[in-house]
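Since the structure comes first, as structure tokens, the remarks are kept for the end.
The values are calculated or read from the model by the stated rules, or taken from the named source; none is laboratory data. Because the structure is predicted, anything quoted here is derived from the model rather than measured. Glycine also receives a Cβ, built like all others from the backbone with ideal geometry; neighbour counts cover every protein chain displayed.
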Amino acid sequence: MAKYIVQRIIKGILSAVCVVILIMILVYSLMDRGNIFAGDSNYTKTQSNARTTYEQSRYQAFGYVDYVNYSDYITILVKRGELDEENRSAAALIGQTPEKDTEIAAEYIQKFTEEYESQGYTVVRLDADKKTNGRVKDGGQAALFATRDKPLYTRVVSYFTGMFFIDNIHYVDEGTDIGERGLTFTFYDPLYGGDKFSPAIIGNGTKHKYLFYFDGKFPYIHQNFLTLNLGESYTVNRGVDVFETMTASQGTYVLSTVSYPTGHVEQSADDLHTATYAEGSLEQSEIYAARFTDDYTNTITHKGSMSKLGYSFVIGIISTIIAYILGLPIGLLMARFKNGILDKIGTVYIVFIIAVPSLAYIFLFKAIGGSVFKLPTLFNMDSSSKLMYVLPIISLALPSVANLMKWMRRYMIDQMNSDYVKFARSGGLSETEIFTKHIWKNAAIPIVHGIPGSILFAMTGAIITERVYLVPGAGNLLTQAINKYDNGVIIGVTLFYALLTVLSIILGDILIASVDPRISFTSKGR
Amino acid sequence: MYEELKSKTGLDHKELFSQVKHSDTESEKIAAPRYSYWKSVFRVFFQNKVNIVILSLLLFVVALAYIYPAVTEYDPYANLLDSGAKHLSPGDAMEHFGVGLKWILGSGASGEPTFEAVWNGAKISISLAFICAAINMVIGVLLGAVWGFSKKVDMVMMEVYNIIGNVPMILIISVLSMLFSPSFWTMVLSLTIVGWLSIAYFIRTQVLIIRDREYNLASRCLGTSTIKIALKNILPFMTSVIVTLLATELPSYISYEVFLAYIGMGMSEMSLGRMIYAAEAAMVTPGWELEFWGPVAVVSIITIVLYVVGQNLGDASDPRTHM
């Protein structure tokens, strides 16, 4: 069994990889990349050569191209020690036309061109854009850059190699002086004043400052050695990973008394345990300088409400439980009293839910719930009322109940003509006994297969329900990402869905094999 | 001889035997009542009086959707400049424009009669459903049959199904509407480009179930070709399954179009989905509700009627109900 499951998992992961490749082809090759500038105010502000370089830098940010600006190249050379500080500004100065380059600039421009053209880049040089009076226009300065479309192969490889990030003390650039690199283990977490017992591992040179710590938030023990990167968001939630976008808390800031490493004490929402490295941030900002002693300044803030995934999961899981509690017994009774009054009403309900567009009955229930039962019809994160959960949960449970009723009735009726039922009846068992002890157990097996899937997919949220009731859940993330051309999020969310699908099928198979001894995935004679 | 006997005995011809010529072809005929499959299907279907009512309702709705827009000149922007014509209740609209059938649902955001807009939208939605269902069913059933029959094809197609099934539909639709324009035919393309796959998978499972039944094994042992087995042994068995599937597919395209329009990924034509999307704000505005509930009611009637007719036709096409 174990070997079989491992095989299935590997196969599932492979198909998830194929899904990602397919999505990458769809979003990077087929979609028109010009669309990303549709609502970009910076794009309309820039002109001339500046607009061209802006376009390129944006393409790079969205992951379409590899782009190197000449001035970045000069900075790299200085860091590498191939260019000294004295010649730096002279080398970085691009002439208005190639003929006007200084000797030293021409030399480095030549080097830049050769280096990047050999790597398959296209080197573009834009001459200064002048007005009629000979002066350079706004944004018309001469520009030099190298660009190339990211090939699919490198895109896929770098996505999957970057997916799991193992934090290490060489994360911060080796050229940067940050004192002694290393990990320190302490029993007394300095954030709690240094005298409360709370083990922690603190790193220097790592990405996260706290690699291991305890705090009062679920799940209480936290680690940052291994982090998951599903894809960085660009427009939906700038610079934040998809997984974090889904799991970070939302709503209003929750302030608490925070004492910063410098000793500064303030009411703040910062969670200092989540500090990550941001190069040079301490020097650039006085706010940081007053609070932090090192460059680990980038923190996540405490917010009062659940994450997107949290809201979707709470609503999803409750409605799933309700659906099973209602759907299975009703389906069973419909089969038990076939053609009875309950069966007829149930069938009408099933037809209604299957045939009517979901949007229509969700609005219908919203209207009824709002006017007849006076339930809140819109979700409000700041409200502590639990009543606002009622309508979304009901709307989400309605179709699942119908679906479970339909299949339960179908499976029960299919089993009713089996030989074992006839045998039980001839043995003198009452109909109720036959139904609850024999048929039900056999009919439930295909239903059991779907349970892990319905629990896992409770997390992803429902697009329409969340839109209608304004639930801040994860269901809208994909549509939002598509509308904003956030390629990183599109890929991350799809991969997440694909992995959930794979996992729920495997778990379902394991579950039915453990419920039904007749099912075995290992025997050959299946 | 016969005349002789008759005169001798005085019995008439009925009581006398006469010789019949032996015929090989006649002796092969089976003297059972004639059974015609489709005749039986419709006999069973029309036995239920409810079906007659619902079928006539379906025909009425479809006729209304196709004939009404054809005979009336519908111009959504005819009253655009008439500021007093917008968002009128049925009573006010008839007062403003005079009594007429087209004002029984009031007027919409640009002064258009909601009733006419609804039937125009219904025409687009129903057309979309029929075209998509026709394309997907034909491709899906044919490929599904091959998929179920060949083990090699099955191996490849299962992987394809696992991969493509995980690509979100809305992503495919948005990419396609970006590549082309968000028009009716782009919508058809995006609903059919992978839509056949799930139908083919369903058919594949059905074929797998009956492929290895004893009667097919016997048929194969007697030397029947695979094509004949598929057409004569399996296809008749599948008819009711296919009709039932069609009954769920047809309304599902209409519902899906409504869903897409609601999340802002619909087509540019004013289908029922687009109308519902555009009138969402009207739902909560007193006096404007009909603009929203009008199309919602019509789309629900269309989908329910299509579903019920299809399901009952599917039941009737199962030969076991023909007894």
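Could you please give the count of residues in segment A:385-416 that are among the charged types (D, E, K, R) and crowded, with 19+ Cβ neighbours inside 10 Å?
2
Only one of these conditions is not met by A:Ile23: (1) away from chain B (no Cβ under 11 Å); (2) touching a helix residue (DSSP H, G or I) at 6+ places or on another chain (Cβ under 6 Å); (3) part of a helix (DSSP H, G or I). Which number is it?
(1)
Could you grab me the full set of residues in segment B:57-70 that are over 15 Å from the mean Cα position of the chain (by Cα), surrounded by 12 or more Cβ atoms within 10 Å (Cβ to Cβ) and not aromatic (Phe, Trp, Tyr)?
Correct list: B:Leu64, B:Ala65, B:Ile67, B:Pro69.
Scan segment A:454-475 residue by residue and report those that are among the polar types (S, T, N, Q) and within 12 Å of another protein chain (Cβ to nearest Cβ).
Once the filter is applied, which keeps residues that are among the polar types (S, T, N, Q) and within 12 Å of another protein chain (Cβ to nearest Cβ), segment A:454-475 yields A:Thr460, A:Thr465.
Among the residues of segment B:195-253, which ones are among the charged types (D, E, K, R), over 30 Å from B:Leu128 (Cα atoms) and at pLDDT 85 or above?
Matches in segment B:195-253: B:Glu214, B:Arg220, B:Lys228.
For the structure I just gave you, tell me whether A:Thr44 is touching a Phe, Trp or Tyr at 6+ places or on another chain (Cβ under 7 Å), in a helix (DSSP H, G or I) and over 30 Å from A:Ala513 (Cβ atoms).
The answer is no for A:Thr44.
Quick check on segment A:469-480: of everything there that is touching a Ser or Thr at 6+ places or on another chain (Cβ under 8 Å) and touching a residue at least 40 places away in the same chain (Cβ under 8 Å), which residue is surrounded by the most Cβ atoms within 10 Å (Cβ to Cβ)?
Residues of segment A:469-480 that are touching a Ser or Thr at 6+ places or on another chain (Cβ under 8 Å), as a first pass: A:469, A:471-475, A:477-478.
Okay, now just the ones that are also touching a residue at least 40 places away in the same chain (Cβ under 8 Å), so A:469, A:471-475, A:477.
Values: A:Tyr469: 23, A:Val471: 26, A:Pro472: 20, A:Gly473: 31, A:Ala474: 25, A:Gly475: 23, A:Leu477: 28.
The residue in question is A:Gly473.
Mind counting the residues in segment A:369-390 that are of a type in the set (Val, Ile, Thr) and modelled with pLDDT under 85?
Residues meeting the conditions: 2.
Can you name every one of the helices (runs of 4 or more DSSP H) wholly within segment B:200-317 that holds 1 or more residues which are within 14 Å of chain A (Cβ to nearest Cβ) and surrounded by 17 or more Cβ atoms within 10 Å (Cβ to Cβ)?
Working: elements: B:214-221, B:235-262, B:272-278, B:280-283, B:289-316.
Ranges flagged: B:235-262, B:272-278, B:280-283, B:289-316.
Identify the residue in segment A:30-41 that is part of a helix (DSSP H, G or I) and at the interface with another protein chain (Cβ under 10 Å from one of its Cβ atoms) and, among all such residues, is farthest from A:Thr161 (Cα to Cα).
A:Asn35
Starting from residues that are aliphatic (A, V, I, L, M) and over 18 Å from the mean Cα position of the chain (by Cα), keep the ones in segment A:242-257 and report whichever is nearest to A:Phe496 (Cα to Cα).
This residue is A:Val254.
Please work out if A:Ile368 is in contact with a Ser or Thr (Cβ under 8 Å, 6 or more places away or on another chain), within 14 Å of another protein chain (Cβ to nearest Cβ) and either under 28 Å from B:Leu306 (Cβ atoms) or part of a helix (DSSP H, G or I) (or both).
No; evaluated as a whole, the condition is false for this residue.
Just to confirm my filter: which strands (runs of 3 or more DSSP E) fall fully inside segment A:131-210 and include at least 1 residues that are more than 30 Å from A:Thr97 (Cα to Cα) and more than 25 Å from the chain's Cα centre (by Cα)?
A:182-186, A:200-204
Can you name the residue in segment A:169-199 that is under 24 Å from A:Val258 (Cβ atoms) and acidic (Asp, Glu) and is also modelled with the lowest pLDDT among such residues?
Among residues in segment A:169-199 that are under 24 Å from A:Val258 (Cβ atoms) and acidic (Asp, Glu), the one modelled with the lowest pLDDT is A:Asp195.
Would you please name the residue that is modelled with the lowest pLDDT, looking only at residues in segment B:106-133 that are of a type in the set (D, E, K, R) and either in contact with a His (Cβ under 6 Å, 6 or more places away or on another chain) or farther than 15 Å from B:His87 by Cβ (or both)?
Within segment B:106-133, the match that is modelled with the lowest pLDDT is B:Glu116.
Does segment A:491-502 include one or more residues that are away from chain B (no Cβ under 11 Å) and polar (S, T, N, Q)?
Checked against the condition, which is being away from chain B (no Cβ under 11 Å) and polar (S, T, N, Q), segment A:491-502 yields no hits at all.
May I ask you to verify whether A:Ile394 is away from chain B (no Cβ under 14 Å), of a type outside the set (Ser, Thr, Tyr) and within 27 Å of the chain's Cα centre (by Cα)?
Judged against the criteria, A:Ile394 is a match.
So which helices (runs of 4 or more DSSP H) stay within segment A:402-520 end to end and still have 2 or more residues that are within 30 Å of A:Val242 (Cα to Cα) and outside the structural domain of A:Tyr324 (by TED's automatic domain parsing)?
Hits in segment A:402-520: A:477-483, A:487-515.
Residue-wise test of (1) hydrophobic (A, V, I, L, M, F, W, C); (2) surrounded by 20 or more Cβ atoms within 10 Å (Cβ to Cβ); (3) modelled with pLDDT under 80.
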| residue | (1), (2), (3) |
| --- | --- |
| A:Ile201 | yes, no, no |
| A:Thr206 | no, yes, no |
| A:Phe214 | yes, no, no |
| A:His222 | no, no, no |
| A:Thr235 | no, no, yes |
| A:Thr252 | no, no, yes |
| A:Val265 | yes, no, no |
| A:Tyr277 | no, yes, no |
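Does A:Ile447 satisfy being surrounded by 17 or more Cβ atoms within 10 Å (Cβ to Cβ) and within 12 Å of chain B (Cβ to nearest Cβ)?
The answer is no for A:Ile447.
Output the residue which, of all residues in segment B:145-185 that are of a type in the set (S, T, N, Q) and not in a helix (DSSP H, G or I), is nearest to the other protein chains (Cβ to nearest Cβ). Can you show your working first?
Just the residues of segment B:145-185 that are of a type in the set (S, T, N, Q), to begin with: B:150, B:162, B:166, B:174, B:177, B:181, B:183.
With not in a helix (DSSP H, G or I) added as a condition, the list becomes B:150, B:166, B:181, B:183.
Values: B:Ser150: 20, B:Asn166: 4, B:Ser181: 12, B:Ser183: 17 Å.
Filtering first and then ranking leaves B:Asn166.
On the given criteria, is A:Ser384 assigned to a loop (DSSP other than H, G, I, E, B) and under 23 Å from A:Pro472 (Cα atoms)?
When the stated conditions are applied, A:Ser384 passes them.
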